[in-house]
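What follows is a single structure, written as structure tokens, with notes after it.
Coordinate-derived values only; no laboratory data. Predicted model, so just to flag it, every value in this text is computed and none were measured. Here Cβ is always computed from backbone atoms with ideal geometry, including for glycine, and neighbour counts include all displayed protein chains.
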Amino acid sequence: MSRKKIIRFGLPKGSLQEATIQKMAKAGWNISVSSRSYLPYVDDEEMEIRLIRAQEISRYVEHGYLDCGITGHDWIVENGSKVHEVGEFLFSKVSRQPARWVLCVPENSPVKTVKDLQGKRIATEVVNLTRKYLKKHGVKAEVEFSWGATEVKAHELVDAIVEVTETGSSLRANNLRIVDELLCSTPRLIANHIAWKDKWKRRKIEIMSMLLKGALEAETKVGLKMNIRQKDVPTLLKNLPSLRNPTISNLSLKGWVAVETIIDEHVVRELIPALKAAGAEGVTEYPLNKVVY
């Protein structure tokens, strides 16, 4: 009997965990994590999930323990991992902005540029990234690994920190000033190079990527459908450019058609009153699960 084909997927433990589970559910894979096991359940017999810290996933993918996984671009760079990047996915837990690794100092610090950190001490979780940055600027400084609460250390224990932020609100709350940005990072679906050359595994990973992109695309869009007199359709489309490539179908009522389209959610509040004014009736807005182009 032939052995069942399996793909091992790395689920990032930590800040990306819940967002990844939610997005995977929208893509079609329901994952549940038990506090008693590091092996989460997934409703796909061809997939095994491993719950691993985002900081470590790229190394396990590179060395083949995992076929693929989701982790931040920052940890791929920090680890210097040689992996295949399948896709980029922006599903921040706080905002739809990328994460930024920034060099920070206290508001009252005399440090204005990285050059002012010559001979100073910096705390960060991304030691390799910070050392490369300092080397690039010709600055020699001590870089120490921080296990957490890095913002607090900037005021008492070190001269500067390199910390991750999305909105900058936490840094401002801790009276920290951004001196420079080292790296902009988004979550990536990555694959092991050998797994990527395997026809079956590559197809499985590509499907996952396509459906994840479709789920993310759907988050900012809604479906819109309405009925309108056929003679009013040209005017409707001329005056409402947001209705790109709509589907138009005849209704049983002569002279009337149904118009259906997908639009950006943020324009709906202005669009619906304009549709009514143009003669549309039965305007219906509905959420989307996936939009696959």
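Treating region 1-110 as a set of equal point scatterers at the Cα positions, no solvent, please give the Debye-formula log₁₀ I(q)/I(0) at q = 0.13, 0.16, 0.19 Å⁻¹.
Values, matching the q order: -0.55, -0.78, -1.04.
By counting other Cβ atoms within 10 Å of each Cβ, how are D44, D264, D74 ranked from fewest to most?
Result, fewest neighbours first: D264, D44, D74.
Given N residues in region 99-184, what is Rg(Cα) / (2.2 N^0.38 Å)?
That ratio works out to 0.95.
Could you list log10 I(q)/I(0) for region 41-181 at q = 0.12 Å⁻¹, which the Debye formula gives when each Cα is one point scatterer?
Debye output, listed in q order: -0.56.
Which links in K82/K199; K5/K197; K13/K290 stretch past 23 Å when you go from one Cα to the other?
From the list (K82/K199; K5/K197; K13/K290), the Cα-Cα distance tops 23 Å for K13/K290.
Going 7 Å from the Cα of N245 along its beta-carbon direction, which residues of region 254-291 have the amide nitrogen within less than 13 Å of the resulting point?
261-263, 291
How large is the Kirkwood hydrodynamic radius of the chain, counting all unique pairs of alpha carbons, in Å?
Taking the inverse mean of 1/r over all distinct Cα pairs, the chain comes out at 22.4 Å.
Label points 7 Å out from Cα along the Cβ direction at R121 and E88: separation in nm?
Reported label-point gap for R121 and E88 is 3.7 nm.
Cut-off under 26 Å on the C-alpha distance; same-chain residues fewer than 8 positions from K238 excluded. Which lysines are left, in chain and number order?
Result set, ordered by chain and number: K221, K225, K254, K276.
Please sort 250-260, 45-55 by packing, taking for each peptide the average over its residues of neighbouring beta carbons within 10 angstrom, highest first.
Sorting 250-260, 45-55 by mean packing, highest first, produces 45-55, 250-260.
Once you place label points 7 Å from the Cα toward the Cβ at T186 and Y65, how far apart are they in nm?
2.9 nm
Please name which of H266, V83, P110 has its Cα lying farthest along the dipole of the chain towards the positive end, using unit charges on Cβ (Lys, Arg +1; Asp, Glu -1) and the Cα centre as origin.
Comparing the listed Cα positions along the dipole, V83 ranks first.
Please list, or write none, the aspartates and glutamates whose alpha carbon is within less than 19 Å of the alpha carbon of K115, excluding same-chain residues fewer than 8 places away.
E107, E142, E144, D159, E163, D180, E181
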